[in-house]
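Written below as structure tokens is the structure these notes are about.
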Amino acid sequence: MTKHRIAGIDVHKKMLAVVVLDAADEQEWKLHGRKFLTTAEDLDALAAWLASLEVLEAVMESTAQYWKPV
């Protein structure tokens, strides 16, 4: 059984909304969600959280230039 973990990141000016899909197979899905500020400290916390969940892929959505620091 292969596990897939992917993060979706919605980028706002002062906040990131992040959801991680943890899928062991088609019948077993878990979602983990958190919000992070856009400070350097919180971006480091986001990276550590994604690493702790063993996320290897991420997708981002942003309607402005706010994605650049992420």
Could you please let me know if Lys13 is in contact with a helix residue (DSSP H, G or I) (Cβ under 7 Å, 6 or more places away or on another chain) and modelled with pLDDT under 95? yes
Would you be able to say whether some residue in segment 28-47 is at pLDDT below 95 and of a type in the set (Phe, Trp, Tyr)? yes
When segment 38-70 is checked residue by residue, the ones that are exposed (fewer than 14 other Cβ atoms within 10 Å of the Cβ), more than 22 Å from His4 (Cα to Cα) and either without any contact (Cβ under 8 Å) to a residue 40 or more places away in the chain or within 11 Å of the chain's Cα centre (by Cα) (or both) are Thr39, Ala40, Glu41, Asp44, Thr63, Gln65, Lys68, Pro69
Quick check on segment 16-27: of everything there that is surrounded by 14 or more Cβ atoms within 10 Å (Cβ to Cβ) and within 12 Å of the chain's Cα centre (by Cα), which residue is modelled with the lowest pLDDT? Asp22
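The values are calculated or read from the model by the stated rules, or taken from the named source; none is laboratory data. Just so it is clear, the structure is predicted and the values come from calculations on it, not from any experiment. In this analysis, Cβ positions are derived from the backbone assuming ideal geometry, glycine residues included, and neighbour counts consider all displayed protein chains.
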